[in-house]
Structure formats: structure tokens, C-alpha cells
């Protein structure tokens with residue numbers, strides 16, 4: 001029997017795929033054309049990337065293609081986002097590599113199945129919104145750590161080292177590299193440099209061209225034309241199968257389920273966080289709104305499907321989703337077509353893929369690792385308060401030197417302790433006689449003055465006041481501020497005189513708000529910063545931009561500045 005406050009219709013609405021929403025609204029031939037172009041563009045990007053990610057994970061390249069086809073199709077079909085593109089991603093490389101080394105491919109299948117079931121359960125329990133509270137230093141730390149791990153995993157193919165196995169542990173891996181450094185192949189080094197030069201050059205001069213695919217073609221042609229003695233996909237893995245993905249259920253070590261649970265949890269966590277981050281990025285680019293819990297269910301279904309067809313873990317891919325949007329994709333049909341185009345490529349081009357040098361795929365992953373590292377974001381977080389820096393560095397070093405599962409757990413626990421310490425500081429600052437007097441006297445002159453100033457705001461100006469610490473648990477509240485207005489204002493005043501403490505996630509949220517205001521042509525004025533927020537915001541380089549973002553000392557000055565900007569608008573505003 002349903003509880004009195006339970007609305008079954010609203011509950012089920014959270015899990016309705018956006019594909020059904022789109023079809024209900026009406027789907028035109030013109031939209032199909034633009035979705036087909038976008039799907040083809042993303043498939044061209046995903047083709048080399050899927051193979052490279054699979055090889056880096058310790059699997060065969062066809063596993064990456066099967067994942068992109070099966071999981072990519074299911075994610076788009078069931079997604080809570082209109083434009084999400086799913087498939088294998090670089091975030092899984094360390095954990096997948098470790099699982100295959102310890103438990104074999106059957107162990108990975110079990111891990112992926114368990115992760116899929118965890119994601120479905122998380123979505124049904126409406127835990128999607130909780131993932132928004134992930135501290136930014138933890139995300140930045142493990143993302144940068146994964147980037148270092150990817151770079152570390154590519155040294156063998158990048159240099160063409162003649163060695164049988166690449167150890168999973170960081171220090172053992174580099175010791176093995178040092179022992180085999182004399183076997184470096186100049187041909188592999190030359191192909192890696194060529195691949196990097198093509199990708200970087202095209203990103204600078206022809207950013208819309210498929211740099212990864214062109215780099216693979218250039219390296220393959222160079223390898224064949226000059227008969228370069230470099231290892232290829234064919235020499236290591238044999239000919240790729242040019243057939244439809246089939247139901248594949250290898251021996252699964254069910255007796256080791258409890259040993260695999262931590263790795264399954266890590267896969268589920270990464271899939272959930274990355275897919276929701278990708279959906280948030282997509283919302284910012286399109287102005288849409290995703291269904292977070294429905295997205296988690298879609299990711300769970302996709303991972304179960306990928307495992308049953310012999311694939312790898314999958315999630316929403318931020319770069320491929322952004323490529324889809326820039327190419328004109330506007331509905332889940334684009335993602336479905338991307339999977340179908342990949343299937344067509346695999347059926348037609350499988351014999352030719354055997355000639356691709358592994359050094360070329362290594363170049364692709366080196367660029368992926370650099371993009372994942374987010375050097376500027378990492379550097380900015382190092383300017384955050386000491387607690388955020390400790391969380392960042394702990395998560396980063398544990399990811400690189402120990403284990404991603406341990407890194408995430410330790411980072412979240414330390415972030416919780418830092419949060420509790422800050423809350424204790426905030427309570428101490430805000431306690432005392434004055435706080436009691438404010439509660440007892442509703443006719444406080446200062447409050448009355450605030451109300452009077454609010455009433456005097458000119459047309460086109462809106463104001464919002466934040467009270468209390470702006471930390472990772474509350475930063476997401478800024479996401480919906482601009483959605484509260486029926487008509488977007490010309491000037492938006494954000495009052496922060498009652499914010500005693502801010503952390504890196506709070507500054508990140510302010511940056512996102514400023515970027516959204518800039519996209520919508522809204523001038524943002526932040527008033528009344530206290531000492532700690534002012535110091536942290538300055539340290540993390542959130543700077544004034546005349547006509548777009550201003551900092552003033554109090555609300556009165558903010559109102560005067562808003563008057564001036566309304567009466568004398570600048571081109572920037």
C-alpha cells in the first residue's frame with residue numbers, strides 16, 4: 001500500500017526516457033537529418049577512442065567497440081538527458097585494468113553486472129540528487145590521478161618497449177619500464193610523435209575535423225608506406241571480428257563476489273558521477289533539464305547490457321556529448337544513430353583496423369589524459385583553503401599510487417571532516433548575544449533597511465541573498481537561481497554579507513553562475529563579501545569583468561551600480 005505522501009505518477013515520471021518525451025512532442029524529418037549528421041560525427045570520434053580505451057584497460061579492441069555500440073544504444077534509448085552520448089570512458093581504465101589482472105575477464109563481467117544493478121537501485125531509490133553533493137576537490141583529485149595513471153599505462157606502446165606484461169602497481173610498472181628501456185623502438189616513438197602532432201595541429205587550426213581518426217589514418221599510412229617495424233592491432237590481437245556483437249557469458253567467478261564488491265562500487269560510482277556531470281554540462285550548453293534518477297537507471301541498464309554482450313563498463317562521455325551538441329544533435333535519436341554508425345563501421349572496416357599501429361592509439365590516449373588532467377582547475381584548487389587542498393592531494397596521490405576505490409573513500413571522509421570543522425567555526429562566529437537579539441526583534445532597523453532597498457530595485461534588476469556557509473553541500477543551490485524568474489533580469493545582485501565561509505565547490509558554483517549569466521546577457525553583481533569568502537574567491541581567480549561581473553562592498557552600492565548599468569548599458573552588459 002502506498003504511503004500518504006507518495007505520488008506514483010510523479011515517481012514514474014522521473015524515469016521516463018527522454019526519447020519518449022521527444023516522440024510525444026513530435027519528431028520531424030528535419031530533426032532526423034540534423035541528428036543523423038551529429039550521430040555520424042560522434043561515431044567518427046568514438047571509433048578510435050573506443051579501441052584505444054579497451055586496449056589501455058587490458059582488453060581487446062573489439063570489446064571497446066561492442067561497449068560503444070551496445071551501451072551507447074541503451075544509454076541514449078533510456079537516458080534522462082536528450083543529448084547524452086554513452087560508451088567506454090577513460091575514467092574506468094585503472095579499475096578495469098586492475099580487475100582483469102586480478103580476476104580475469106570473467107571477474108570484470110561480474111563487476112560490471114553488479115555495478116549496473118547498483119546504478120539501477122540508486123536511481124529507483126532517488127539517489128541521483130545526492131551525487132550533486134560530491135566535493136569538487138575529490139572529483140578534481142581522482143580525475144587528475146586517473147590522467148596520470150593513463151599516461152603511465154601508455155609508456156610501453158608509446159616507446160614500443162619489448163615487454164610481456166605491464167604491472168598494475170604504479171612503482172612496479174615504472175621499474176619494469178626502466179628495465180626494458182633499452183628495447184625502445186624508434187618507429188613507435190616516431191608514430192606517437194606524428195599522432196600527437198596531427199591531433200594538436202588539427203585542434204588548433206581545424207578544430208571541427210575528427211582529429212583522432214585523422215591521426216590514426218596518418219600513422220597507419222606512414223607505417224605501411226615506410227614499412228615501419230611497429231606493433232599493430234593485428235600483430236597483437238589478430239583480426240578483429242566483423243560480425244554483430246553476440247551474447248557472451250564467459251566463466252564468472254561468483255564465489256569471489258564479495259572480493260569484487262569494492263571494485264563494482266567504484267565502477268558504479270564513476271559511472272553515476274561522470275554521467276550526471278556530463279548531463280549537467282549538456283544542460284548548460286542546451287538550456288535543457290535532465291532527469292538525474294532516470295539517468296542512473298539508464299546507466300545501470302546499459303552496463304548490464306554491455307556485460308551480457310562481452311563489453312566493458314560504460315557511462316555518459318562528456319567530450320562525445322559536447323561533440324554531439326556542437327554537431328546539431330538535439331534528441332536521443334542522435335545517440336542511437338551514433339551506435340548504429342559504429343556498428344556499420346565495425347562490420348565494414350574490421351579487416352583494415354588490424355593495420356592501425358598501437359603507438360597511434362597511444363597518442364590518442366595521451367591527449368585524452370591531458371584533457372582529463374584539468375591542469376588549470378587543479379592549480380586553482382591548490383589556492384583554495386587548506387582543507388580543500390588536503391582533500392585534493394590525498395585523493396590524487398591515493399589514485400595514482402594505491403587504488404581508486406580507496407582514494408574516493410578517503411577523499412570523501414576527509415572532506416566530511418573538513419566540512420564539520422568549518423561548520424564548527426561558522427557556529428562559533430554566528431553565536432552569541434547579537435544572534436539572539438536578531439531572533440527576538442523582528443523590527444531590526446538593518447533588516448527594515450534591507451527590505452526598503454529591495455523594494456526600490458529598478459525594473460530589470462533582481463536580487464537574491466545567501467545566508468550561511470556556501471560549501472559543497474549547499475553550492476548546488478545556485479544552479480537554479482536564474483530559473484526562478486519568469487523574465488530574465490538585466491542585472492542580478494547576489495548578496496553574500498551573511499556568508500561567513502566558502503569552499504572550492506562554492507567558488508566553482510559561483511563561476512558556473514557567472515558563466516550562465518554571461519551566456520544569457522545578465523550582468524552579475526556580488527555584494528558584501530566577508531573576509532574569508534573574499535580571500536578564497538580572489539585566490540581561485542574569480543575576477544571582475546566590467547559589464548559582466550562586479551564585486552561591491554555592500555547592497556547599497558550594488559543598487560547604485562545596477563541603476564547605472566540599466567540607465568547606461570555597456571556593450572559587454
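Here residue 478 does not qualify as crowded, with 17+ Cβ neighbours inside 10 Å, outside the structural domain of residue 377 (by TED's automatic domain parsing), in a helix (DSSP H, G or I) and at pLDDT 90 or above. A residue that is under 30 Å from residue 210 (Cα atoms) and under 21 Å from the mean Cα position of the chain (by Cα) cannot be found anywhere in the range 384-407. Residues of the range 516-531 that are assigned to a helix (DSSP H, G or I) and in contact with a helix residue (DSSP H, G or I) (Cβ under 9 Å, 6 or more places away or on another chain): 516, 517, 519.
Against the condition surrounded by 14 or more Cβ atoms within 10 Å (Cβ to Cβ), assigned to a helix (DSSP H, G or I) and at pLDDT 90 or above, how does residue 413 come out, does it pass? In short, no.
If you check 513, 561, 542 for being in a loop (DSSP other than H, G, I, E, B) and surrounded by fewer than 22 Cβ atoms within 10 Å (Cβ to Cβ), only one passes: 542. The set of residues in the range 203-243 being touching a residue at least 40 places away in the same chain (Cβ under 8 Å), assigned to a loop (DSSP other than H, G, I, E, B) and more than 29 Å from the chain's Cα centre (by Cα) consists of 228, 229, 230, 231, 238, 239, 240, 241, 242, 243.
On inspection, residue 59 qualifies as at pLDDT 90 or above and assigned by TED's automatic domain parsing to the domain that holds residue 274.
Filter the range 483-510 for residues that are surrounded by 20 or more Cβ atoms within 10 Å (Cβ to Cβ) and assigned to a helix (DSSP H, G or I) and give the result. Correct list: 504, 505, 506, 507, 508, 509, 510. Cβ-Cβ contacts under 7 Å between residues 6 or more apart (or on different chains), taken from a first residue in the range 11-35 that is farther than 18 Å from residue 84 by Cβ to a second residue that is part of a helix (DSSP H, G or I), are listed as 32/333. With respect to residue 68, determine if the residue is touching a strand residue (DSSP E or B) at 6+ places or on another chain (Cβ under 7 Å), touching a residue at least 12 places away in the same chain (Cβ under 8 Å) and closer than 28 Å to residue 168 by Cα. Spelling it out, residue 68 is indeed touching a strand residue (DSSP E or B) at 6+ places or on another chain (Cβ under 7 Å), touching a residue at least 12 places away in the same chain (Cβ under 8 Å) and closer than 28 Å to residue 168 by Cα. Here 75, 69, 55, 100 are screened, and the one residue that is over 20 Å from the mean Cα position of the chain (by Cα) and over 28 Å from residue 256 (Cα atoms) is 69.
Counting only helices (runs of 4 or more DSSP H) wholly contained in the range 266-382, the ones carrying 2 or more residues that are modelled with pLDDT of 90 or more, buried (at least 21 other Cβ atoms within 10 Å of the Cβ) and on the phi < 0 side of the Ramachandran plot occupy 292-308, 318-326, 332-353, 358-373.
Listed here are the residues, each with its yes/no results for (1) crowded, with 24+ Cβ neighbours inside 10 Å; (2) part of a helix (DSSP H, G or I); (3) in contact with a helix residue (DSSP H, G or I) (Cβ under 6 Å, 6 or more places away or on another chain).
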{"position": "35", "(1), (2), (3)": "yes, yes, yes"}
{"position": "44", "(1), (2), (3)": "no, yes, yes"}
{"position": "63", "(1), (2), (3)": "yes, yes, yes"}
{"position": "82", "(1), (2), (3)": "yes, no, yes"}
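The values are calculated or read from the model by the stated rules, or taken from the named source; none is laboratory data. These numbers were taken from a predicted model, which means no experiment stands behind them. Please note: Cβ atoms are built from the backbone with ideal geometry, for glycine as well, and neighbour counts cover all protein chains shown.
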